[in-house]
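The values are calculated or read from the model by the stated rules, or taken from the named source; none is laboratory data. Since the structure is predicted, the reported quantities are computational estimates derived from the model, not experimental observations. Here the Cβ positions follow ideal geometry from the backbone for every residue, glycine too, while neighbour counts run over all protein chains shown.
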Amino acid sequence: MVYGKPLFDCAGAQIHAVCRQLATVVSINGVVDDTNIERVTAFVRRFVLAEKGFVLDLSGVTSFSPQGVSLLYGVDESCFATEVEWALITSAAVEDALGGVAAGFPVAASVPDALHRFAAGIDERRRLLPLLTKKTA
């Protein structure tokens, strides 16, 4: 374990969460399968915070069971309930297991790409805010 960067080990999946200015980034490395999917999902969903984007980085996942899609639906549900934008970064193993289902989720190429999208969304809202609040005389 690295000081200041706690790692949660969940039966083959290593989970690391970092709260950044634009979003909370949860990275998973290793294996996500039937033996750990419920614990992984519960742990990951704890990090979906109101008013802060969420990035689920699965780029380090080496094996992903088809039942792993429940993790993605769980994150999607939590983000919808808290009204936050989210992004998914996949690995080849995740893409293979999902077989096209990932297309229904907000996929980004990388964590920096996801954070850039969140920043662009904030900039757009800031640009439009004066137009929306301007009173007509």
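Would you say SER78 is within 13 Å of the chain's Cα centre (by Cα), of a type outside the set (A, V, I, L, M) and over 18 Å from LEU115 (Cα atoms)?
Numbers: within 13 Å of the chain's Cα centre (by Cα): yes; of a type outside the set (A, V, I, L, M): yes; over 18 Å from LEU115 (Cα atoms): yes.
Against the criterion (within 13 Å of the chain's Cα centre (by Cα), of a type outside the set (A, V, I, L, M) and over 18 Å from LEU115 (Cα atoms)), SER78 qualifies.
Conditions tested, residue by residue: (1) closer than 19 Å to ALA119 by Cα; (2) at pLDDT 95 or above.
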position	(1), (2)
VAL18	yes, no
ALA23	yes, no
ASN29	no, yes
ASP34	no, no
LEU58	no, yes
TYR73	no, no
GLU85	yes, no
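Within the bounds of the stretch 1-13, is there any residue that is more than 22 Å from HIS116 (Cβ to Cβ), crowded, with 18+ Cβ neighbours inside 10 Å and in contact with a helix residue (DSSP H, G or I) (Cβ under 9 Å, 6 or more places away or on another chain)? Quick ask: steps written out before the conclusion?
If we filter the stretch 1-13 for residues that are more than 22 Å from HIS116 (Cβ to Cβ), which is where we start, we get 1-13.
The next check asks that each one be crowded, with 18+ Cβ neighbours inside 10 Å; those that pass are 10, 13.
This time we only want the ones that are in contact with a helix residue (DSSP H, G or I) (Cβ under 9 Å, 6 or more places away or on another chain), so: 10, 13.
Checked the stretch 1-13: at least one residue is more than 22 Å from HIS116 (Cβ to Cβ), crowded, with 18+ Cβ neighbours inside 10 Å and in contact with a helix residue (DSSP H, G or I) (Cβ under 9 Å, 6 or more places away or on another chain).
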